[in-house]
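Below is one structure; the comments refer to it alone.
Every read-out reported here was derived from the displayed coordinates using simple, explicitly stated rules and does not represent laboratory data. Please read all numbers here as calculations on a predicted model, not as lab measurements. We place every Cβ from the backbone using ideal geometry, glycine too, and count neighbours over all the protein chains shown.
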Ligand SMILES: [Mg+2]
């Protein structure tokens, strides 16, 4: 059978969008997105047609080991044209790419192939998925700031319809507790998903669980309480959180691969995992990890680094392809001061919007 797909051109450019407020988490700070926009032209050699696809390689050092400079270097080292496999997977020539570069390139390729086949991304990667998906509702992230500042952000987002807040914690436990109390009292009826980005010691994480239970704070899940490599600590938090709250403990930085998932399951370290395209090297890898986690009875969050609509819509299609995702966290485009990919600011709201063709067609937010 003749080769079907070929990348004919590839370009990469900085996708540096300022945030409305500094995005401060336990492990770092972002003021401008350190991302790369990848564009490819893919030819369908059978139909003699050509389409352009976009992908976002979102970095977030030190959560990701890659920087934009590393992404540019890795992509620049590829030799064009690149013949793809029959299912439009990246070939062995791309094996040396880091996970951020690989994820962005894979989405760009699939975006182009989806346009050539007139298929939405989610259905392209998961033909058996229920389509169109049920409505997907996202939380909105509150970065670390003064507790009353965080409560003020929550009030503003609640006026836009958000009821679930992903609250960044893990820097100073007393300030974190003050913020959780302020948000819960300012927005009655909200739910809180807390994310420490590995910032707590085990003792601090256990103390936070006790305080959440004592104050009856509406926390539903606790993401990455302790250091990435310390799965024993996460397992201990999970046991405490189940008995005192109950709160689901989710692994994020600790779960990047199927091997990581196996270790988490062996140790009973988490109730669920957070999937991110750039963490695991692409949307198809995330689909595989997500399905394995679902088969093992784990809960799923689908999230992103600090990404524009290009990356967020790709993650939305992963969410739709998997189905049953408990915690969609597809919000970061709304934390930006600009929307370079044509998403209007008045789109801001918890209902996740797919590309310009809706769920029925191809395209990633432009
Ligand atoms: Mg996280």
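What is the spin-label model distance, in nm, from residue 8 to residue 29 if the labels are put 7 Å beyond Cα along the C-beta direction?
The two pseudo-label positions are separated by 4.7 nm.
Ranked highest first by the average count of other Cβ atoms within 10 Å around their residues, in what order do 55-63, 84-92, 262-270 fall? Write out the running numbers ahead of the final one.
Working: 55-63: 24.4, 84-92: 14.3, 262-270: 16.9.
Averaged packing, sorted descending, gives the order 55-63, 262-270, 84-92.
Quick one, can you get me the convex hull of the C-alpha atoms of the chain expressed as volume per residue in Å³?
Working: hull volume 44.4 nm³, N = 366.
Given the Cα convex hull of the chain, per-residue volume reads 121 Å³.
So how tilted is helix 283-295 from the main axis of the chain? Cα-based, degrees 0 to 90, rounded to 10.
Its long axis makes an angle of about 50 degrees.
With a point put 7 Å past each Cα toward its Cβ, work out how far residue 201 is from residue 174 in nm, to one decimal.
Inter-label distance under the simple model: 1.6 nm.
With every atom except the alpha carbons ignored, what do you get for Rg and Dmax of the stretch 154-198, in angstroms?
Rg, Dmax (Cα atoms, Å): 10.6, 31.
At what distance in nm do the modelled label points of residue 80 and residue 243 sit from each other, each positioned 7 Å from its Cα along Cα→Cβ?
So the two model labels end up 6.0 nm from each other.
Tilt of helix 231-244 relative to the longest C-alpha principal axis of the chain, in degrees (0 to 90, nearest 10)?
Once rounded, the angle reads 50 degrees.
Quick check: Cα centre of the stretch 248-323 to Cα centre of the stretch 164-241, how many Å?
20
Taking R0 as 30 Å, what's the FRET efficiency between residue 291 and residue 92 from their Cβ-Cβ distance, rounded to 0.05? Don't skip to the answer; put the middle values down first.
Numbers: r = 24 Å, r/R0 = 0.81.
The formula returns an efficiency of 0.80 here.
Beyond 16 Å, what percent of the Cα pairs of the stretch 5-118 remain?
Of all Cα-Cα pairs in the stretch 5-118, 59 percent lie more than 16 Å apart.
Among 5-14, 150-159, how do they line up from the highest to the lowest mean number of other beta-carbon atoms within 10 Å? Don't skip to the answer; put the middle values down first.
Numbers: 5-14: 16.6, 150-159: 18.2.
Peptide ranking by packing, descending: 150-159, 5-14.
Arrange the peptides 165-177, 95-107 so that the one whose residues have, on average, the most other Cβ atoms within 10 Å appears first.
Numbers: 165-177: 20.5, 95-107: 24.4.
With the highest mean Cβ count within 10 Å placed first, the list reads 95-107, 165-177.
Can you give the % of DSSP beta bridges in the chain that are antiparallel, to the nearest 5? All intermediate terms of the calculation are to be shown ahead of the outcome.
Numbers: 28 of 51 bridges.
Rounded to the nearest five, the antiparallel share is 55 percent.
For the stretch 230-271, compute Rh as the Kirkwood radius over C-alpha pairs and then the Stokes-Einstein diffusion coefficient at 25 °C and 0.890 mPa s; write the answer in µm²/s, rounded to an integer. Display every interim value, and only then the final one.
Numbers: Rh = 10.2 Å.
The calculation lands on 241 µm²/s.
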